[in-house]
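Shown next, in structure tokens, is the structure this report addresses.
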Amino acid sequence: MSEVPGVSVELRRGYCALCVSRCGCVGRIEDGVLTRVDPDPDHPTGQALCIKARSAPESVYAPERILRPLRRTRPKGDPEPGWQAISWDAALDLMAGKMRAAMAARGPQALAFGVATPSGTALADGFAWVHRLAHACASPNLVFATENCNWHKDFAPAYTWGAGIGMPDYENTGCILLWGFNPAATWLSQAAAIKRARQRGARLIVVDPRRAGLAASADLWLRPRPGSDAALALGLVHALIAAGRFDREFLALWSDAPFLVAEADGRLLTEADLRPGGNAARPLAWDAAAAAPVACPARPANAEAAGRLALTGRFRVATPAGPVDCRTVFDRLAERCAAWPAARVEAATGIPADQVVRAAGLIAASLPLSLFTWTGTCQHSNASQTGRAIAVLYGLTGCLDAPGGNVWFAKPPVADVAGFDWVDPAIRRLTLGLAERPHGPPQKGWITTRDLFRAIVEEDPYPVRALVSFGGNFLLSKPNTRLTDEALRKLDFFAIAELVETPTARHADLLLPVCTAWEREGLQAGFQVDAAAEARVQLRPAFVPPRGESRSDTWIVFELAKRLGLADRFYGGDPEAALAASLAPAGLSPEALRAAPGGIDLALATRYRKYRDHGFATPGGRFEFHSARLAAAGLDPLPEAVSPGCPPDPRHPLVLTTAKWPQYCHSQQRHLPSLRRRMPEPLVELHPDTAAQRGIRDGDWIEVVTRLGAMRARARLDPHLDPAVVCAQYGWWQYPDGAGDANRLIDGECFDPVAGSNSLRHFPCEVRPAPAAVPGHAADAGGGAGGAMNVADS
């Protein structure tokens with residue numbers, strides 16, 4: 001780019017914090033003004049940059065930005081808050097006083113916190129510190145949409161292999177399986193890594209109801225009906241088992257596949273069943289050579305040789321209480337999956353039977369297999385069983401933590417500052433939803449808005465009086481949740497930190513101005529996508545100073561901590577001291593990182609198959625096809641294909657689903673002109689035949705209708721969609737009649753019983769032409785943030 005005479009130009013290296021991809025970038029600052037952001041090709045995640053990152057200057061200088069703390073002056077429920085600008089000292093003193101009052105009156109459980117997702121917002125910079133504040137206050141409740149986001153990839157796999165999903169080792173993989181995950185729209189650095197893997201010959205299978213992103217160039221695109229993924233997974237398991245194409249050694253030595261299960265009650269047999277005084281930690285298997293039961297070690301490996309243990313068969317074990325008929329875990333799994341031949345999978349999913357067979361063959365012939373799945377499989381009322389089914393499929397390959405499989409790359413050893421270890425078990429037992437979903441997010445203190453609103457309005461199981469949220473536009477990012485409006489009116493105090501006035505923020509008593517990620521420092525210890533990226537530690541500089549009186553989430557947390565008497569928990573209330581303490585375990589300092597703005601690469605070595613040294617982080621150290629923990633909770637220990645809730649009905653014969661588009665993330669960015677020019681209005685995708693049957697043409701305004709209401713959007717015809725599926729958008733609030741917000745059409749009472757995941761990707765609907773006149777729906781290139789604010793100076 002040519003330089004302009006007399007203009008001071010500075011280039012600053014950093015990374016984009018707007019989503020989990022954390023793409024390396026370079027900001028151009030002219031005379032102190034951020035003018036553009038470009039990819040940093042020298043950064044491990046800097047090969048490309050999405051249009052949202054490139055709109056950074058618009059985000060920084062947007063006229064809709066909140067630049068001073070604002071206090072409500074009108075009653076709750078008034079559509080106009082009557083914002084009054086106040087000082088930071090007044091805002092923070094008010095906030096701390098209300099927080100103390102709630103805790104003093106009803107205990108720490110009366111104070112709830114909220115935090116936006118670090119995967120799809122820039123809240124990652126302050127995410128751990130928000131948790132630390134909640135834990136320091138002894139609050140058991142933090143609203144975090146993990147049940148609809150990362151729970152099923154980062155935590156739920158622990159019930160199968162003891163950890164999160166890990167990261168595909170794209171440099172060494174032979175076949176990539178993307179399931180409900182479109183990295184071109186949600187994780188650009190993964191998309192770049194997949195492209196490189198494909199160039200060297202890796203195969204690609206994409207499972208997605210839409211032919212979007214990498215699906216268009218995949219070796220095989222499988223189009224399941226939304227919510228039918230578990231049936232496909234079990235069908236693939238059956239095909240691999242029937243063909244004998246699974247890793248027998250891995251299963252026999254490092255999993256529970258050979259363990260014996262009592263036919264009568266489904267429990268795993270142990271040495272304690274064989275003789276009095278036997279070790280209940282030693283599971284029984286069947287010694288094929290001796291034709292007798294054998295007690296395996298308490299921790300793996302299960303035997304010295306894989307061939308010694310039977311993987312299939314029915315056996316009778318003599319015990320002091322009498323003979324026990326049993327069979328192996330693997331035998332039970334094989335029987336269950338045998339109920340899903342390719343023809344039945346086709347009937348359940350809509351995927352042709354020959355494609356199911358081809359997918360199994362491609363997986364078996366192209367090992368090692370790497371896998372990634374995300375919101376496409378987790379935003380369903382059957383998400384937990386679906387996740388288990390996919391995990392079991394992956395276990396058959398033996399590729400977990402192997403070269404080319406899903407790997408846990410060595411991470412920079414920075415300190416964990418979130419404070420989870422401070423939580424008293426008695427406080428954790430108070431977490432909303434824990435009694436109903438003990439194996440879901442409440443075990444970490446993460447609650448749903450459904451449970452929060454019930455506590456606020458109905459005081460069930462106890463009253464919540466105050467809510468402090470850092471981001472989080474749950475009126476649009478969550479489904480239609482019972483008691484929402486009543487709860488927001490009843491709260492004694494609601495404070496939220498935001499960039500702009502969102503619909504959720506309009507209900508607040510106090511609205512705090514947060515600066516953009518481009519106006520503050522941010523620490524990233526590891527960039528995830530491969531071993532080299534994970535070894536990078538970078539302290540992102542502020543490209544420009546914060547506008548107005550906006551501050552970072554972290555600054556707000558530390559200032560609140562000091563006013564709440566918690567400075568000792570926050571390094572004396574000094575963010576710089578906190579940063580130094582975070583970096584110390586890695587042998588780094590803030591000064592060293594500031595002197596290396598592109599980041600510092602640590603000398604880390606990734607080891608494969610770490611389970612061979614210490615087993616998996618499951619109770620027995622094995623890969624668990626049969627989850628005794630889930631069985632103890634009254635849940636099925638083996639994966640099952642459970643139909644999604646809320647099936648179509650005669651009035652609503654179509655299935656409403658949603659997806660993510662590259663232009664926007666969740667309910668953000670629609671006030672940025674360059675992005676609105678690319679997508680000026682909300683869209684609904686539907687099949688041409690479905691449209692023709694209803695008199696709908698491409699580009700028409702249409703209505704999507706469910707039993708809860710209707711929304712408007714422009715029709716986009718897509719011949720690749722299943723004719724029974726309608727794919728709508730959510731997150732728009734720029735239109736007076738609620739156009740472009742599919743989430744409000746979905747019942748918040750339809751959710752996964754284990755994790756609380758909402759049925760955002762499967763709900764019965766119908767579509768019809770909208771009335772001829774649609775007031776206020778002209779394309780608005782400026783895209784306002786929901787109307788001008790009436791702000792009175794104090």
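Would you please calculate the Kirkwood hydrodynamic radius of the stretch 400-483 over all C-alpha pairs and express it in Å, rounded to one decimal? Write out the running numbers ahead of the final one.
Working: mean 1/r = 0.0631 Å⁻¹.
Radius from the Kirkwood sum: 15.8 Å.
With every protein chain kept in place and ligands, DNA and RNA left out, what is the accessible area per residue of the stretch 154-271? Probe 1.4 Å, answer in Å².
Values: 3500 Å² over 118 residues.
It amounts to 30 Å² per residue over the stretch 154-271.
Using 7 Å Cα-to-Cβ label points, what is the ARG707/ARG768 separation (nm, one decimal)?
Result for the modelled spin labels: 1.8 nm.
Roughly speaking, what is the centre-to-centre gap between the stretch 42-115 and the stretch 652-729 when only Cα atoms are used, to the nearest Å?
First find each Cα centre; the distance between them is then 31 Å.
Would you mind checking LYS153/LYS195; LYS98/LYS411; LYS98/LYS478 for any pair whose Cα atoms are more than 28 angstrom apart? Before the final figure, lay out each step's value.
On the way: LYS153/LYS195 22 Å; LYS98/LYS411 40 Å; LYS98/LYS478 26 Å.
Exceeds cut-off: LYS98/LYS411.
What is the set of long-range amide H partners of LEU204 at a cut-off below 5 Å, with H atoms built 1.01 Å from backbone N?
Amide H neighbours of LEU204: ILE176, ASP219, LEU220.
Between the stretch 408-463 and the stretch 534-551, how many Å separate their Cα centres?
Computed from Cα coordinates, the inter-centre distance equals 29 Å.
For PHE315, enumerate residues with amide H under 5 Å from its amide H, sequence gap 5+ or separate chain, H modeled in the peptide plane.
Answer set, sorted by chain and number: CYS326, ARG327.
Taking square-rooted eigenvalues a ≥ b ≥ c of the alpha carbon gyration tensor, is the stretch 362-413 rounded, prolate or oblate, where a/c under 1.5 means rounded and, failing that, a/b exceeding b/c means prolate? If you can, show how the numbers build up before the last one.
Details: a/c = 2.44, a/b = 1.26, b/c = 1.94.
Oblate, because a/c is 1.5 or more while a/b does not exceed b/c.
At R0 = 60 Å, how high is the FRET efficiency between ALA605 and ALA90 if r is their beta carbon distance? Nearest 0.05 is fine.
Details: r = 52 Å, r/R0 = 0.87.
Using R0 = 60 Å, I get an efficiency of 0.70.
Provide the percentage of antiparallel DSSP beta bridges, counting only those with both residues in the stretch 655-721; round to the nearest 5. Let's see the in-between values first.
Details: 6 of 10 bridges.
Antiparallel bridges: around 60 percent, rounded to the nearest 5.
For the stretch 32-175, taking Cα atoms only, what is the radius of gyration to one decimal and the Dmax to the nearest whole Å?
21.0, 61
Output the relative contact order of the stretch 331-469, whole-number percent, from Cα pairs under 8 angstrom with separation of 6+ residues.
On the way: 77 pairs, mean separation 16.5, N = 139.
Taking the mean separation of contacting Cα pairs over the length of the stretch 331-469, I get 12 percent.
Considering every Cα-Cα pair within the stretch 585-680, what fraction, in whole percent, is farther apart than 17 Å? If you can, show how the numbers build up before the last one.
Values: 3610 of 4560 pairs.
Taking all Cα-Cα pairs of the stretch 585-680, the fraction more than 17 Å apart is 79 percent.
Sorted by packing (mean other beta-carbon atoms within 10 Å per residue), highest first, where do 354-367, 224-237, 154-167 land?
On the way: 354-367: 18.6, 224-237: 27.4, 154-167: 20.8.
Final packing ranking: 224-237, 154-167, 354-367.
Order of 94-102, 508-516 by packing, highest average Cβ count within 10 Å first? It would help to have the intermediate numbers written out before the result.
Working: 94-102: 19.7, 508-516: 24.8.
Answer by packing, highest mean first, reads 508-516, 94-102.
Rg and Dmax of the stretch 591-750, Cα atoms, in Å?
Cα radius of gyration and Dmax of the stretch 591-750 are 23.6, 65 Å respectively.
Karplus couplings for the stretch 212-220 from phi (6.51 cos²θ - 1.76 cosθ + 1.60, θ = phi - 60°), rounded to Hz, Gly and Pro as x?
10, x, 5, 4, 5, 10, 6, 5, 8
Between Rg and the Kirkwood Rh of the chain, both from Cα atoms, what is the Rg to Rh ratio?
Working: Rg = 26.9 Å, Rh = 27.7 Å.
That ratio is 0.97, to two decimals.
DSSP beta bridges in the chain, what fraction antiparallel, as a percent rounded to 5? Show your work: numbers first, answer last.
Values: 58 of 103 bridges.
Antiparallel: roughly 55 percent of the beta bridges in the chain.
Can you tell me the equivalent ellipsoid semi-axes for the stretch 313-459? Use √(5λ) from the Cα gyration tensor, largest first, whole Å. Please report the intermediate quantities before stating the final value.
Details: eigenvalues 252, 125, 92 Å².
Value: 36, 25, 22 Å, ordered largest first.
Direction-averaged shadow area of the convex hull around the Cα atoms of the stretch 387-545, nm²?
If you wrap the Cα atoms of the stretch 387-545 in a convex hull and average its projections, you get 13.2 nm².
Per residue of the stretch 758-766, in order, report the coupling 6.51 cos²θ - 1.76 cosθ + 1.60 (Karplus, θ = phi - 60°) as ³J(HN,Hα) in whole Hz, putting x for Gly and Pro.
Rounded to whole hertz, the list is 7, 7, 6, 10, 7, 7, x, 8, 9.
Counting helices only, and only those DSSP H runs with n ≥ 4, report the 222 nm mean residue ellipticity of the chain as the sum of -39,500 (n - 2.57) divided by its residues, in deg cm²/dmol to the nearest 500.
On the way: 28 runs with 212 residues, N = 794.
Helices in the chain give a 222 nm mean residue ellipticity of -7000 deg cm²/dmol.
Over the alpha-carbon set of the stretch 127-172, divide Rg by the Kirkwood Rh and report the Rg/Rh ratio to two decimals.
Details: Rg = 14.4 Å, Rh = 12.7 Å.
Checking Rg against Rh, the ratio lands at 1.13.
For the stretch 570-580, take each phi angle, set θ = phi - 60°, evaluate the Karplus expression 6.51 cos²θ - 1.76 cosθ + 1.60, and give the result in whole Hz per residue in order, putting x for glycine and proline.
10, 6, x, x, 10, x, 5, 5, 5, 4, 4
Whole-Å semi-axes of the stretch 1-58's equivalent ellipsoid, largest first, each the root of 5 times a Cα gyration tensor eigenvalue? Intermediate results must be reported in sequence, preceding the final value.
Numbers: eigenvalues 94, 28, 15 Å².
The three semi-axes for the stretch 1-58 are 22, 12, 9 Å.
Name the residues whose placed amide hydrogens come within less than 5 Å of the amide hydrogen of ARG551, ignoring near sequence neighbours (fewer than 5 apart) on the same chain.
Amide H to amide H, under 5 Å and 5 or more residues apart or across chains, ARG551 pairs with VAL514, CYS515.
The values are calculated or read from the model by the stated rules, or taken from the named source; none is laboratory data. This is a predicted model, so every value here is computed, not measured. Glycine also receives a Cβ, built like all others from the backbone with ideal geometry; neighbour counts cover every protein chain displayed. Accessible surface areas use protein heavy atoms only, side chains included; no ligands, DNA or RNA. Shrake-Rupley method; radii C 1.70, N 1.55, O 1.52, S 1.80 Å.
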